[in-house]
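We did not get these values from a lab; they are worked out from the coordinates using the rules stated. Small disclaimer: the values here were computed from a predicted structure and weren't measured. Don't worry about glycine lacking a Cβ; one is built from the backbone with ideal geometry, like all the others, and counts go over all protein chains shown.
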Amino acid sequence: MNRENNLLYHLVAFVTVAIWGTTFVWTKLLIQNGLSPAQIFTIRFIIAYVMLLAFSLIRVRDHKFMWFCRNWKDELIMVALGITGGSLYFLTENAAMLYTTATNTSLIVCSCPLFAMLLLAVVYKSERFSKIQIVGSLLAFLGMVIVVLNGHFVLHLQPAGDSLAFAACLCWAVYSLLMKPVTGRYPTLFITRKVFFYGLLTIIPYFIIEPAFPPMEILMRPQVILNLLFLGCIASMVCFITWNWCLARLGPMVATNWVYFNPIATIIFAWLILNEQITPYFIIGSILILIGMYLSDKKTVG
């Protein structure tokens, strides 16, 4: 039974990351229609928060519904989750694309499992990883590098853009780390709702500096509505719920290693929809990622 449950958790993590790997197409289409990355993030999080709030109010009776955490320390962790998994992560990742290449951004952002593993080892002294888990994580990282570079081993260093991408990488690693103490104390739906709320709250200063709202004429276009609904309902609400659930079940290191699969999902989707070519480098890298993730799922020592 435990083995079946473990396979289910991995399957859910795989589907979640695969969906996130397709969002580049929908985001690109929205940008081509005149929306900025910050506007896209805000609208998709508003959609996700409203729907999740409505679902929570219907599912839970009023006297049991929680607006806030049980103590202020946990509430501050929720604020940090909203920043690292929401506003700051999306702003730094999208801004990085303006100053550096997509290859650099993918390599740096998708290396977050390594930093998550290091943070876990530093913050939680009791968290010990076996040698086979470390080897597995490194193999998965190597596979991700091969997939992203795709045989073109030339990187163009852009300090500003690469620094922003690294900031996004650290944000996601910290997000995974912060989930560890709260997953056992609060329901996944509650945590996810708080992430959306504080993600939206902490994006407000950006719009004070750069005030802008897309015209209604753009927002009412059918392709814009459909793309925003997909990003808000599926890629945000559903995927954040399933991802937080996987973090609680698999643990931060094992779950976060699935981020290495993100470029694989992107390339497969591009092959199916955009007829882009799959190369031998993609196959070799994918095999290394799968082997690495299998090894990293081995039990910790101690």
Calc'd 3J(HN,Hα), segment 197-211, phi into Karplus 6.51 cos²θ - 1.76 cosθ + 1.60 (θ = phi - 60°), Hz, glycine/Pro = x, comes to 4, 6, x, 5, 4, 7, 8, 4, x, 4, 6, 6, 6, 10, x
Can you compute 3J(HN,Hα) from phi for each residue in segment 240-253, using the Karplus curve 6.51 cos²θ - 1.76 cosθ + 1.60 with θ = phi - 60°, rounded to whole Hz and x for Gly and Pro? 5, 5, 5, 5, 5, 5, 5, 4, 6, 8, 8, x, x, 5
What FRET efficiency do you get for N71 and Y124 if R0 is 25 Å and r is their Cβ-Cβ distance, rounded to the nearest 0.05? 0.75
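For the peptides 46-56, 10-20, 244-254, what is the packing order when you average, over each peptide's residues, the other Cβ atoms within 10 Å and list the highest mean first?
Values: 46-56: 17.2, 10-20: 19.2, 244-254: 22.3.
Top to bottom by mean Cβ count within 10 Å: 244-254, 10-20, 46-56.
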So what J values fall out for segment 179-194 if you push phi through Karplus, 6.51 cos²θ - 1.76 cosθ + 1.60 with θ = phi - 60°, rounded to Hz, Gly and Pro as x? 5, 4, x, 9, 5, x, 9, 9, x, 4, 4, 5, 4, 5, 4, 5
So W271 and V15, fully extended at 0.36 nm per residue minus their Cα-Cα distance, gain in nm 90.4 nm
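First measure r as the distance between the Cβ atoms of E210 and C233, then evaluate 1/(1 + (r/R0)^6) with R0 = 22 Å and state the FRET efficiency to the nearest 0.05. It would help to have the intermediate numbers written out before the result.
Numbers: r = 27 Å, r/R0 = 1.21.
The computed FRET efficiency comes out at 0.25.
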